[in-house]
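Trainee: A single structure is presented below for examination.
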Amino acid sequence: MSIVGSGNVATHLALAFYAAGCNIRQVLSRSFDHAQALAVRVGARPTNRSAELDEDIDVCLLCVGDDALYDLALDLRLPHSIVIHTSGTTPATVLKGISSRYGVVWSPQTFIRDIAMDYARLPLCIEGSTLQVESQIEALVRQVSPCIYRLGLEERRKAHLAAVMVSNFVNAINATAQEYMQEAGLDYEMLRPLAEQTLRKWDYGDLWAQQTGPARRRDEKTLVTQRRMLADNPRLLQLYDLLTEIIQEK
């Protein structure tokens, strides 16, 4: 296997496949130092030149941004490889000029290079250019995790959008709350048990049925008070009003 990329996704997937016993032969990155840093961790050879990728490699995993995928599609030719990208929104067919066998391995997970994760619980969404290729990709990723989903492009895009809501949007809201508490001279850590309890609601089914708070109770006195508290922060007030409306519509 070759890994193209050296960022968050590339690092975690390289480590996951390496831990599963896969032979990582090469790591390609635009920065040789970055390629070398990852290659050392998985026993691979680093390079920053796409022309140096072994053409006889069985699998080439492209862990790069969406724009870079289109550049690689013009640059790489790996006719003997299964070529896989890791994008949640890009069609698999962007790779068909690189190889006749191509596909996708995408995970609805947030990857941070230096934060360890349990790869055995990593959900992996796959797609292949043919049923045979898809089965080969499934056999590959099953070495890492049993949590496998076969998704076409539109399904993957919808899952990606939902993942943005669950992770990126929620983190942005939490970060905003953190700033708000810090500005008020309050310890944000007091909210950690609340965040953890909110996450545990996943274990009980319908999340709307477990909605609490002043908007759910239609506690107008509290809503008016909190809106006044946000009067000097129009963007946060807009977010507060929108989420209140969404909750009350349910």
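Trainee: So, how do all the Cα-to-Cα distances of segment 69-202 break down into 5 Å bins, in percent, from 0 on up?
Mentor: 2, 9, 14, 17, 17, 13, 9, 6, 6, 4, 2, 1, 0
Trainee: Could you give the angle, 0 to 90 degrees to the nearest 10, between helix 234-249's Cα long axis and the longest principal axis of the Cα atoms of the chain?
Mentor: 90 degrees
Trainee: Any lysines with Cα under 29 Å of the LYS96 Cα? List them, leaving off those in the same chain fewer than 8 positions away.
Mentor: LYS158
Trainee: What share of all Cα pairs of segment 2-151, in percent, falls into each consecutive 5 Å distance bin?
Mentor: Final binned percentages: 2, 10, 21, 25, 23, 14, 4, 0.
Trainee: Between the helical axis of 170-183 and the dominant principal axis of the chain, each derived from Cα atoms, what acute angle in degrees is found, rounded to the nearest 10?
Mentor: 50 degrees
Trainee: Give the aspartates and glutamates whose C-alpha is closer than 19 Å to that of LYS201, dropping any in the same chain fewer than 8 places away, or say none.
Mentor: In chain and number order, there are no partners.
Trainee: Counting other Cβ atoms within 10 Å of each Cβ, which trypsin sites (Lys or Arg not before Pro) in segment 2-72 have at most 10 and sit in a DSSP loop?
Mentor: In loop regions of segment 2-72 (DSSP not H, G, I, E or B), the sparsely surrounded trypsin sites (Lys or Arg not before Pro) are ARG49.
Trainee: May I pose another question? Can you grab the distance from the C-alpha centre of segment 154-191 to the C-alpha centre of segment 114-134, Å, no decimals?
Mentor: Comparing the Cα centres of segment 154-191 and segment 114-134, I get a distance of 25 Å.
Trainee: Still on this structure, please answer the following. Suppose a student asked you for the relative contact order of segment 2-151, using Cα pairs under 8 Å spaced at least 6 residues apart; what percent would you report?
Mentor: 19 percent
Trainee: Largest first and to the nearest Å, give the Cα extent of segment 157-249 along each principal axis.
Mentor: Sorted largest first, the three principal extents are 36, 28, 27 Å.
Trainee: Counting helices only, and only those DSSP H runs with n ≥ 4, report the 222 nm mean residue ellipticity of the chain as the sum of -39,500 (n - 2.57) divided by its residues, in deg cm²/dmol to the nearest 500.
Mentor: -13000 deg cm²/dmol
Trainee: Mind jotting down the distance between the C-alpha centroids of segment 43-68 and segment 228-242, whole Å?
Mentor: For segment 228-242 versus segment 43-68, the Cα centre distance is 47 Å.
Trainee: If contacts are Cα pairs under 8 angstrom and at least 6 residues apart, what is the relative contact order of the chain in percent?
Mentor: Normalised by residue count, the contact order of the chain is 12 percent.
Trainee: Could you work out the Rg to Rh ratio of the chain, with Rh taken as the Kirkwood radius (inverse of the mean 1/r over all Cα pairs)?
Mentor: Rounded to two decimals, Rg over Rh is 1.07.
Trainee: How much of the DSSP beta bridge set in the chain is antiparallel, as a percent to the nearest 5?
Mentor: If we restrict to bridges inside the chain, about 15 percent are antiparallel.
Trainee: Can you tell me the FRET efficiency between ILE148 and ARG113 if r is taken as the Cβ-Cβ distance and R0 is 25 Å, rounded to the nearest 0.05?
Mentor: 0.55
Trainee: Still on this model: Does anyone have the angle between helix 131-141 and the longest principal axis of the chain? Alpha-carbon axes, 0 to 90°, nearest 10?
Mentor: Taking Cα atoms only, the helix is inclined about 70 degrees.
Read the figures in this text as sums done on the coordinates, not as results from a lab. Bear in mind that the values here come from a model prediction, so they are computed numbers and not experimental data. Cβ sites come from the backbone with ideal geometry, for glycine too, and all protein chains shown count toward neighbours.
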